[in-house]
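Right, one structure below, let's go through it.
No value in this document is a laboratory result; all are computed from the given coordinates. Please read these numbers as outputs of a predicted model, since none were measured by experiment. Ideal geometry is used to build each Cβ from the backbone, glycine not excepted, and the neighbour counts take in all protein chains shown.
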Amino acid sequence: DVQGWLDSSNRNRGWVLKSDNETTNKTARLFSSKEGTTPPSLSITNSYVPLPIPNVIPGTMGVDGWRIYNITLMTGTTEFTAGVNTVTSGYNGSYLGPVLILTRTEKITINVTNSLTEESTTHWHGLHVPGNMDGGPHQTIPAGTTWNAYFTVDNRAGTNWYHPHKKGLTGRHVYAGLAGLLYVNDTESDALAIPKTYGVDDVPLIIQDREFAVDGSFEYATAANEGLGDTFLINGAINPTFVAPAQMVRFRMLNGSNHRIYNFGFSDNRTFQQIASDNGFLTAGVPLTRVVLSPGERAEIVVDFSGDAMGTALQMMSYNSEVSYSNRDTYDNTDFSLFNIFVGAATSSPVTTLPGTLTTITRFTADQAINQASPRFFDMDSVSTINGVSMDINRIDQVVRLNDIEIWEVKNSHGTAHPFHIHDDSFQILSRSTGDVPANEMGWKDTVLVGAGETVLLIKHFEDFADADSPYMFHCHILEHEDAGMMGQFIVVDDFLQPINSQSNIAGQVVTYTHVITNPSTANSDTFTITVASSQNWTVTIDPPSPITIAAGQTQILTISVTIPASETVGTIDTTVITANSTNIELMYQTISDTTTVIVDTYLPTIQKDS
Ligand code: C2O
Ligand code: CU
Ligand code: CU
């Protein structure tokens, strides 16, 4: 009873306790006699690392209606542990970067300056932008230069992020600290009564793991099984503490780790509500006690601290003993703490309930897809390949037709879990071979964790941006796997033709394309004669054979096969690409050393309606 003892100086004898915390190194001394007439003063110092809250950049409005953001990739040093400097990289600072606040429908310019000593890129993970603004491996930013990305914000409200995407260097650049959040607001999120006071009850959490060498430097190796660490950073701090107001608090969580998968929960196993997945709100909060996030995935959760006494202490944990996605190190199968939460005073106008409906999501159905019968197939078959091939920046792996809805069948035939990420736009998860799609995965996603042996069907609408010259990526978001080649490229083309497969070394092979014809008449069936002329006089067959009869308003898929003679000099070509417009189809190739596209054959399809 320190207070009573201080108040009554004639009783000033008692205990002095010295402890570095409550559990270890306790020392105590009982003073049996009065040490003096003045009571001693007792000061208690509680030292903890506060959870860092990144700066926000709302952008500045330019004269011409474009909102401008400036970010710079730079190197610096960061003191993760007092007195130890680690060489790191960050955007506009030494580690991580500011949160860019974007508003849907606004035209924006992001000036990305590369002050590193080597080339990099900056990708807008989760944003629906044209291929040449995506910041993927093709939009390289040489050291000392600035890349101006400009586009109209066309995402629903959500928590996205940005990070380098330079082929073969993504893992190292992100590990050094290059990553930041992109918040998108829209009229719907503006109207929602949910926690949104930044840093108070709307709190970003970038969760990463790092390994430190004895000299304090980051220990990073690029091998496909690397990228894991034994020290956990939350917004760039080791074991920080967040003082949560005693009310509903929204955490916007990003698994920004290179390799680690987490199974998040709280040390008292309290229930929280997941309100958003990768690219926006769920229709309603989903009550959970655990949420799994693989690298690249996001979740917004709301935790209610209103019933907690002031001073209540708990931890955000990762309960990896409960999951078995991979078994690379002890942290893959044990439980560990990430940061501390102390409950403090509520703010003056806290959010006390969540709206019953957060948004509306129209679920795609499988029969809306153009390829329901034979989904586009991706096998994550090794840590460096998808469908047996490693990333080749000069090879287009998939060609998608603008405005199609497609099913992508993503299989994991490898022995550990892999997160599959697709650029361009969000998708929905149609099914999981291992069971029902859980409620917190029924919203918009851009990254999906596929367990060993599992097959996941995704459905995605390829809208808005067609550009045969600016591919989008699909890849495993374990960055060491991506860098090792577990990545491929697709283009979206504004055509009615698409190849079923692009092929290497096409001499002697049959190259196959699909062609969709719709009978424009809604009243009667019609018969169509289809001829396809080859400028090279190569053999072209059409299946089903012309003429074909199509019922009123119905669509017929034609398969066009071109047999390329074995003697053709194009036998040395590396990559075939098809592009087309409404009047001709071009079969083109690119060599590995020279990305110039050369047209090797032109097809002129003629579709004649027989009356
Ligand atoms: Cu987060 Cu292709 O990337
Ligand atoms: Cu991405
Ligand atoms: Cu992988």
Inset, instruction - Which order do the peptides 333-344, 471-482, 439-450 take when ranked by the mean count of other beta-carbon atoms within 10 Å per residue, highest first? - result: 471-482, 439-450, 333-344
Legend entry - Orientation-averaged projected area, Cα convex hull of the stretch 273-361 (nm²): 7.4
Inset, instruction - For Asn239 and Asp467, calculate 0.36 nm times their separation in residues minus their Cα-Cα distance, and state this gained length in nm to one decimal. - result: 77.5 nm
Legend entry - Burial ranking of peptide ranges 261-269, 364-372 (average Cβ count within 10 Å, highest at the top): 261-269, 364-372
Inset, instruction - Count charges around Val389 for me, please; just the other residues with Cβ under 11 Å from its Cβ, Lys/Arg as +1, Asp/Glu as -1. - result: -3
Inset, instruction - Of all alpha-carbon pairs in the stretch 63-144, indicate the percentage at a distance above 20 angstrom. - result: 42
Legend entry - Shape of the stretch 318-373, Cα gyration tensor, a/c cut at 1.5: oblate
Inset, instruction - Tell me the label-point distance for the pair Val389, Ile53, using the 7 Å Cα-to-Cβ offset, in nm and rounded to one decimal. - result: 4.9
Legend entry - Loop-located trypsin sites (Lys or Arg not before Pro) in the stretch 157-201 whose Cβ has at most 11 other Cβ within 10 Å (DSSP): none
Legend entry - 19 Å cut-off, amide nitrogen to a point 7 angstrom out along Ser431 Cα→Cβ, residues in the stretch 379-420: 379-380, 405-413
Inset, instruction - Would you please report the Å³ per residue occupied by the convex hull of the alpha carbon atoms in the stretch 176-239? - result: 127
Legend entry - Cut-off 17 Å (backbone N to label point 7 Å along Cα→Cβ of Thr353), residues of the stretch 193-209: 193-195
Inset, instruction - Grab the Cα-Cα distance for Thr330 and Glu119, subtract it from 0.36 nm times how many residues apart they are, and report the gain in nm with one decimal. - result: 72.5 nm
Legend entry - Projected label distance in nm at Ser521 and Val84, using a 7 Å step from Cα toward the beta-carbon: 7.9
Legend entry - Calculated over the stretch 187-279: convex hull of Cα atoms, volume per residue (Å³): 146
Legend entry - Cα-projected label distance for Thr222 with Ala143, points at 7 Å along beta-carbon direction, nm: 1.5
